[in-house]
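Report on one structure; see the data block that follows.
Just so it is clear, none of the values below were taken in a lab; they were calculated from the coordinates. Just so it is clear, the structure is predicted and the values come from calculations on it, not from any experiment. Please note: Cβ atoms are built from the backbone with ideal geometry, for glycine as well, and neighbour counts cover all protein chains shown.
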Amino acid sequence: MQPNPAIIAPLFIASLVLFAASLYRRFRLVRLGQPEERFDRLGARFRAMLVYAFGQKRVLRKPFGFNHLVIFWSFIILLLANLEFMVSGIFPALSLARLPASIYGPLLTCFDIASLLALAAALIAMIRRCIFPPYPEGRTFEAYFILTLIALHMAAFFGIHATEIALGRATVDAWMPASSSLAQLLGNQREPLLESIASGCWWLHAVVLILFINLLVPYTKHLHIITSILNCFLRRFELPNSQPWEEFAAGRSYGAAAVDQLTWKDLFDSFACTKCGQCQNVCPAGITGKPLNPRQVIYDIKLNLQRNGAALQQGGAAAVPLIGSAGAGSVAEDAIWACTTCGACMETCPVFIEQMPKLIKMRRHLVQMEAKFPEELLNLFENMEQRSNPWGIAPSERSKWHSILEVQPFEAGKTEYLFYVGCAGAFDSRSKQVTLAVATILNAAGISWGILGKEERCCGDSLRRLGNEYVFDRMAQENVKLFQEKGVTKVITQCPHCFSTLQNDYRQYGLELEVIHHSQLIDELLQSGRLKLKQQVTDLGRLVYHDPCYLGRHNSVYTAPRQVIATATGSAPLEMERHHNNSFCCGAGGGRMWLEEFLGTRINLTRVREALAEKPDTVCVSCPYCMTMLEDGLKDEQAGQVRVRDVAEVVAEGLR
Amino acid sequence: MLIVACIKQVPDTTQVQIDPVTNTLVREGIPFIMNPFDTHALEECLKLKDRFGCRVAAISMGPPNAEATMRKALSLGADEAILLSDRAFGGADTLATSKVLATAIAKLAEQDEIALVICGKQTIDGDTAQVGPGIATRLGYSQLTLVDRIEELDMQGRRIRVRRKLEGRHEIVEAPLPALLTVVREINRPRYAKVPMRLMAGTAEIQLWNNQILQLDATTIGLKGSPTWVSRIFSPERTTGEMLGDGINDPVGAAGLLVDKLLEKELLAL
C-alpha cells in the first residue's frame, strides 16, 4: 500500500529539512532580543513544564480546557505514530510493525483511541468556536484551518487502518477498535475501491503531515505546540510586582521602541502565543473599550519581529516601528497608556506569556527617550520630582494628618515599626481617615511605632509603572538611603502600592525590609489576641470585599483582609463575581490614577456595578486608590448610600 | 542667530514659611526650582529653536547653587547656560539686577546677533515683573510684556507680532527685532526633559561669569546699586471669616450651613 520509497523518501526528507530550517530561522529571530536569565532553577523549571505544559494545569481552569488536554495528549501519543509514518516512508524496514505483537498491539490501540479522541475534540472545538468563540474576533480562517487539518489528519489515519483491516492485511487488527469498526462498514466494498481509498488516505495523511510541519507549525499560531511547552519551562517565577532595573549611563538608550530592545524572552513569548484570547477577556482596559488588547500586543510584537527581523539581523534599522499607529506590527500609544498593570493577563495566560512588562518597557521608551506621554502626567512627574508626592502639596503638610493625635517620630531602638503613611494617607482627606484608623488600632494593640513625618517621601510606585524609571530610580535611592540611615527594618504600610514597592522594588537597591500591609498586621493582632475589639461591628450591613491588584494578584495577600473583616463583623465578606486572583482592577493601578480615562467606558463603573450586584451596604477595600475609584464610581451610579470602608476603619469601629 | 531665555532659580514658595519673629523668609531646607514663568519663557525659546534652528542661551543671575537650574535648562534643550555669579551682584533689587543681565546680554550680542530675549512675566519670589522691562529699556530692545502668543516672527524682515494678554482683552502688537518678551503661563506647555539630555546636562559646562568679565562699576550693582530695600515681610492675619461645620465628616451638613449663611446674608436668593 505504501508508495515507492524512491518517491516518498526525497519528499519526506526535504520536508523534514525544511521544517528544521524554518524553526531555526524562527529561533534566530528570537536571538535578536536582549539578554535575560531564564535558565536558573532548572528543577523548578522542569516541574513547571510538567505541571503546566504536560499537565495543562492553567488550561484546565477554563471549561473547554479539557478539550484542549485531549488534543494535546493525543498529539503527544500520535507524535510517535507520525514519526513512524515518516521514517517507514523513507526506510520501509524501520516500521513499528516489526515489534513483537505484545508491544505493537497496545501501541496501535493507543494510536487508534488517541486519533478518535483527537478527531472528536477537533470537531467539538470547531463547533465551539462557531457557537461560543473564545473571543468575538476568534472565528478566524487560521483557527478553522488548523482544526480542519487536525480532523483530516485523524480521518486519514482511520482511512489507512480501516482499509488495511478490510483488506485483511493488518496483522493485529483486534488491537484497533475504532479502525476495526470502520473496517466493518467497508467490508462489502470491492478490493480495488478499498485499494484506492487506502492509497488516497495515505497521501492525504502524508500531505496533511507535510502541511503541519512545513506550514502550520512554523508559520501559524500552531507553532505554540512547541514554543508554549518551552515557555512553561522559561516561565517567570516571581509575581509581576516589580519591573526590571535600568542602568543610567551616557550613551545608553532606555525602554523598548524596537523589537531588538526587548529581551529574547519577550520575543519568544510572541511565538508561544496561540491567540487563545484569555488575556483579552480579563483585561480591564480592553473590556471597557480602550484600544488595548494584550493578545494583539503580543501578536504585533511577533509581526514586527518577522517584518524587521531580516533587516535587524544585518545590522540595519527596523522599517516597521514597534510603537505607533502604523497598524499591524505596531502597538498604539493609546494602548500602551491604557494598561493598569493589574496583572490579570499574566495571571490567566495558560503558558506564562508576560504581556504587562512589555508595555512598561514601551512606556519607558516614550517617557525617557521621547518625553512623550499624556499631558496630565507632566504635572505628576514634576510634582513627584520636586515635592515627592503626586499632588505637589508642600512636604511640610505631610504630618498634618495627626494633628489630633500624638505620634512618635520613628527612632531605631525606641520604636519597633515604621508606619510608612504614604502620600494618599498623608494628603488625601478620605485616606487620612484610614490613617487615623490604623494609628488608633496600633495604639490599641500596644504596638511600638513611629513615623518619618515631614521626612517621608513618596515611594515612587506610579513613576515606575508609568515608565519614568529615571526619576523612580532617584527617589528609590533617596528612600533606601533614608531607611538605612534611620535603621528601619520593619515597616507597616496602609497602601498596597507602597507595600509592594518597598518590599519588592527596593530589593533591587539592596534593601531587605520586613514590610507588612496593615490588613496583615491587624489580622495577626486579632488572631493572637493582642488586639481585642470592644464590640462586634454590626452596622455595616452586607459587606463585599474588593481585592486590590497590588495586594492580591501581585503579592498574594487574600486571606488576611477577609479574616479581619470576618473577625470584626462576625461574618465573612461577600465575594463579587470576580475575586481573589481573578479580581478586577479598580482602574487606578499602573499610574492610571493620575490619568484621565478619555477612551471607552470607566473601569471603576464596571467594578462598582459588579459590587452592586451583590446588593451590599458596604464595599470594603484595603487600598487608597481603590477607595477613591470605588467611591467615585458609587457616586456616578447613584448608589451613594453604599459606603466604602477600609478594613482598618471596620476594625476601628469595633474599638469605639 | 541667538535667542536668550532669562531664567531664575527661586525657592519653591509653596513650601516657604515666614519667620514670625524676624519677618523674613525661612529658606532652610526649602528646595529650589526654576521660576515657573521662566519655564514658559525657556519653552518658547526652545520652540523657536525647533522652528528656526537658532541657538538658545539660558542666562541667570544668582548664587553658585543656581547651577542646578542651569542644568535643567540644558537638559530641556538650551545650547548654552551662563550663570552670572559674583558676591558683588548679591542683594540686588530689580534695577541692579536688570543692569547685570542687560550687560551680559549685550556681551552675548557681541558674539552672535540676538533676535529675541524672553523672560517670564515675573518671578514667584519677588513678584515685581520689573526685571524684563528693565533689561529691554537698558538694551533699547522692543518691549513686549505679558505675551500669550507669538503671532508671527519674521527673522528676515526682523519683525515680530505678538498677542498680549491684558485684563479682559487681548492686544496684538507688532515691533521690530531685537525684542524682549515677557510671557504668561498660557503661552505654551513646557516640555519634559529626555533622559539622555538629562545625563548630558549633568556633566555639561555651565559658564560662570563674574564681574571681572562684565566689568561693571561696583557701586551700581548688588546691594550698593540698589535703591530699594525690603523693610518687612509678613503674612496678613485673617481677621474675619469662620469655619462652617465639618466638611470632611459631614460634607452635606457643612454645605447646608453654608447655604443658610449665604441666604441669611442675602448673598444668595431662592
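Which whole number gives the average, over all residues in A:383-390, of C-beta atoms from other chains lying within 10 Å of the residue C-beta? Walk me through the numbers before you get to the answer.
Values: counts 0, 0, 2, 7, 5, 1, 0, 0.
Neighbouring Cβ atoms belonging to other protein chains average 2 per residue here.
Translational D (Stokes-Einstein, µm²/s) of segment B:2-220 at 4 °C and 1.567 mPa s when Rh comes from the Kirkwood sum over C-alpha pairs? Before the final figure, lay out the partial values.
Numbers: Rh = 17.7 Å.
So the translational diffusion coefficient is about 73 µm²/s.
Could you check how many percent of all C-alpha pairs in segment A:573-620 are farther apart than 14 Å? Don't jump to the answer; show the numbers that get you there.
Numbers: 623 of 1128 pairs.
Here the long-distance tail beyond 14 Å is 55 percent of all Cα pairs in segment A:573-620.
Would you calculate the convex hull of the Cα atoms in segment A:415-459 and tell me its volume per residue in Å³? All intermediate terms of the calculation are to be shown ahead of the outcome.
On the way: hull volume 2.8 nm³, N = 45.
Looking at segment A:415-459, the number lands at 62 Å³ per residue.
Say R0 is 25 Å: what FRET efficiency, to the nearest 0.05, do A:Ser181 and A:Trp73 get from their beta-carbon distance?
0.70
Out of residues 5 or more away from A:Asp646 or on other chains, whose amide H comes under 5 Å of its own, with H placed 1.01 Å from N in the peptide plane?
Distant-sequence amide H within range of A:Asp646: A:Val621.
Taking θ as phi - 60°, what are the ³J(HN,Hα) couplings along segment B:85-94 by the Karplus curve (6.51, -1.76, 1.60), each to the nearest whole Hz, with x for Gly and Pro?
For segment B:85-94, the Karplus curve yields 9, 6, 4, 5, 7, x, x, 6, 8, 5 Hz.
Mind ordering A:87-98, A:554-565, A:364-375 by average Cβ neighbours within 10 Å, highest first? It would help to have the intermediate numbers written out before the result.
On the way: A:87-98: 14.2, A:554-565: 21.6, A:364-375: 19.2.
Most protected by this proxy first, the peptides run A:554-565, A:364-375, A:87-98.
Here are some pairs, B:Lys121/B:Lys265; A:Lys221/B:Lys194; B:Lys8/B:Lys47; which of them have Cα atoms lying more than 28 Å apart in this structure?
Working: B:Lys121/B:Lys265 39 Å; A:Lys221/B:Lys194 38 Å; B:Lys8/B:Lys47 20 Å.
Violating the 28 Å Cα-Cα cut-off are B:Lys121/B:Lys265; A:Lys221/B:Lys194.
Stick to Cα atoms and the Kirkwood definition of Rh, then tell me Rg/Rh for the protein assembly as shown.
On the way: Rg = 35.5 Å, Rh = 32.9 Å.
Using only Cα positions, Rg/Rh for the protein assembly as shown is 1.08.
Modelled label-to-label distance, B:Arg238 and A:Arg61, 7 Å Cα→beta-carbon offset: nm?
5.3
Given N residues in segment A:378-653, what is its alpha carbon radius of gyration divided by 2.2 N^0.38 Å?
Values: Rg = 17.9 Å, N = 276, 2.2 N^0.38 = 18.6 Å.
Against the compact-globule rule of thumb, the ratio is 0.96.
In peptide B:186-196, how many Cβ atoms from other protein chains are near each Cβ within 10 Å, on average?
Numbers: counts 0, 0, 0, 2, 2, 3, 12, 4, 8, 16, 8.
Counting Cβ atoms of other protein chains within 10 Å of each residue's Cβ and averaging gives 5.
Classify segment A:487-623 as rounded, prolate or oblate from the Cα gyration tensor: take a ≥ b ≥ c as the square roots of its eigenvalues, call it rounded if a/c is under 1.5, otherwise prolate when a/b beats b/c and oblate if not. Display every interim value, and only then the final one.
On the way: a/c = 2.42, a/b = 1.04, b/c = 2.33.
Oblate shape, in that a/c is at least 1.5 and b/c is the bigger or equal ratio.
Place a label point 7 angstrom from the Cα of B:Val252 along the Cα-to-Cβ direction, then list the residues of segment A:612-656 whose backbone nitrogen is under 15 Å away.
It comes to A:635-636, A:638-644, nothing else.
Give me the number: length gained by fully extending A:Leu123 to A:Gln508, i.e. 0.36 nm times residue separation minus the C-alpha to C-alpha distance, one decimal in nm. Please list the in-between numbers first.
Numbers: separation 385, 0.36 × 385 = 138.60 nm, distance 5.01 nm.
Stretched fully, the A:Leu123-A:Gln508 segment lengthens by 133.6 nm.
Report the calculated FRET efficiency for A:Phe46 and B:Gln207 (r = Cβ-Cβ distance, R0 = 60 Å), to the nearest 0.05. Write out the running numbers ahead of the final one.
On the way: r = 63 Å, r/R0 = 1.04.
It comes to 0.45.
Just to confirm a number: summing +1 for Lys and Arg and -1 for Asp and Glu over residues other than A:Arg47 whose beta-carbon lies under 12 angstrom from that of A:Arg47, what do you get? Please list the in-between numbers first.
Working: positive: A:Arg41, A:Arg45, A:Lys57, A:Arg235; negative: none.
Its environment carries a net charge of +4.
Can you give the local net charge around A:His224? Use residues other than it whose beta-carbon is closer than 14 angstrom to its beta-carbon, Lys and Arg +1, Asp and Glu -1.
With Lys, Arg at +1 and Asp, Glu at -1, the net is +4.
Rounded to the nearest Å, what's the spacing between the alpha carbon centres of segment A:196-250 and segment A:1-78? Just the number, please.
Value for the Cα centre distance between the two parts: 6 Å.
How many times 2.2 N^0.38 Å is the alpha carbon radius of gyration of segment B:44-134?
Details: Rg = 13.3 Å, N = 91, 2.2 N^0.38 = 12.2 Å.
The value comes to 1.09.
Can you work out the Karplus-derived ³J(HN,Hα) for every residue in segment B:178-186? Use 6.51 cos²θ - 1.76 cosθ + 1.60 with θ = phi - 60°, whole Hz, and x for glycine or proline.
For segment B:178-186, the Karplus-derived couplings read x, 10, 10, 10, 10, 10, 9, 4, 5 Hz, x marking Gly and Pro.
In Å, the Kirkwood hydrodynamic radius of segment A:5-233 over pairs of distinct alpha carbons?
Numbers: mean 1/r = 0.0515 Å⁻¹.
Mean inverse Cα-Cα distance, inverted, gives 19.4 Å.
If neighbour count is taken as other Cβ atoms inside 10 Å, put A:Met356, B:Met200 in order from fewest to most.
Numbers: A:Met356 23, B:Met200 16.
The most exposed by this proxy come first: B:Met200, A:Met356.
Nearest 500 deg cm²/dmol is fine: what mean residue ellipticity at 222 nm does chain B get from its DSSP H runs of n ≥ 4 alone, each adding -39,500 (n - 2.57), divided by its residue count? Mind dumping the intermediate values first?
Values: 7 runs with 81 residues, N = 270.
Value at 222 nm, helices only: -9000 deg cm²/dmol.
Exposure proxy check: A:Phe410, A:Phe145, A:Phe237 ranked by fewest other beta carbons within 10 Å? Walk me through the numbers before you get to the answer.
Working: A:Phe410 24, A:Phe145 15, A:Phe237 10.
Ordered by Cβ neighbours within 10 Å, fewest first: A:Phe237, A:Phe145, A:Phe410.
When a footprinting reagent is the concern and you count Cβ atoms within 10 Å, what order do A:Met154, A:Met593 take, fewest first?
On the way: A:Met154 25, A:Met593 21.
Going from least to most buried by this count: A:Met593, A:Met154.
Could you give the alpha-carbon Rg of segment A:201-310 over 2.2 N^0.38 Å, rounded to two decimals? All intermediate terms of the calculation are to be shown ahead of the outcome.
Numbers: Rg = 17.6 Å, N = 110, 2.2 N^0.38 = 13.1 Å.
Cα Rg divided by the expected 2.2 N^0.38 Å: 1.34.
So what is Rg over Rh here for segment A:78-177, counting just Cα atoms and using Kirkwood for Rh? Please list the in-between numbers first.
Numbers: Rg = 16.3 Å, Rh = 15.1 Å.
Here Rg/Rh amounts to 1.08.
Let me have the 222 nm mean residue ellipticity of chain A computed from DSSP H runs of 4+ only, each contributing -39500 (n - 2.57), with the sum over all residues rounded to the nearest 500. Walk me through the numbers on the way to the answer.
Working: 26 runs with 336 residues, N = 656.
Only helices count here, giving -16000 deg cm²/dmol.
³J(HN,Hα) across segment B:66-81 via Karplus (A = 6.51, B = -1.76, C = 1.60, θ = phi - 60°), whole Hz, x for Gly/Pro?
Whole-Hz 3J(HN,Hα) from phi for segment B:66-81: 5, 3, 4, 5, 5, 5, 5, 4, 5, 5, 7, x, 5, 7, 9, 10.
Using packing as a proxy for protection, rank A:643-653, A:40-50 so that the peptide with the highest average count of other Cβ atoms within 10 Å comes first.
Going from most to least packed, we get A:643-653, A:40-50.
Could you check how many percent of all C-alpha pairs in segment A:259-370 are farther apart than 25 Å? Display every interim value, and only then the final one.
Working: 905 of 6216 pairs.
For segment A:259-370, the share of Cα pairs beyond 25 Å comes to 15 percent.
For the residue pair A:Asp539 and B:Asp112, what label-to-label distance in nm results when each label sits 7 Å from Cα along the Cα-to-beta-carbon direction?
The modelled label-to-label distance comes out at 7.0 nm.
So how far apart, in nm, are the two label points at A:Cys130 and B:Val16 if each is 7 Å from Cα heading toward Cβ?
It is 7.7 nm.
What full-extension length gain, to one decimal in nm, is calculated for A:Asn379 and A:Arg236 as 0.36 nm per residue of separation minus the Cα-Cα distance? It would help to have the intermediate numbers written out before the result.
Numbers: separation 143, 0.36 × 143 = 51.48 nm, distance 3.46 nm.
Result for the pair: 48.0 nm of gain on full extension.
Search the structure for amide H atoms under 5 Å from the amide H of B:Thr145, placed 1.01 Å from N in the peptide plane, and list their residues when 5 or more places away or on another chain.
Correct list: B:Thr182.
On alpha carbon coordinates alone, what is the Rg over Rh value for segment B:161-270, Rh being the Kirkwood radius?
Working: Rg = 26.6 Å, Rh = 22.5 Å.
Radius of gyration relative to Kirkwood radius: 1.18.
So, R0 is 35 Å and r is the distance between the beta-carbons of A:Cys110 and A:Arg31; what FRET efficiency does that work out to, to 0.05?
Details: r = 37 Å, r/R0 = 1.07.
Approximately 0.40, to the nearest 0.05.
Compute the Kirkwood hydrodynamic radius of segment A:107-237, taking the inverse of the mean of 1/r over all pairs of distinct Cα atoms, and give it in Å to one decimal.
Working: mean 1/r = 0.0608 Å⁻¹.
Kirkwood radius, segment A:107-237: 16.4 Å.
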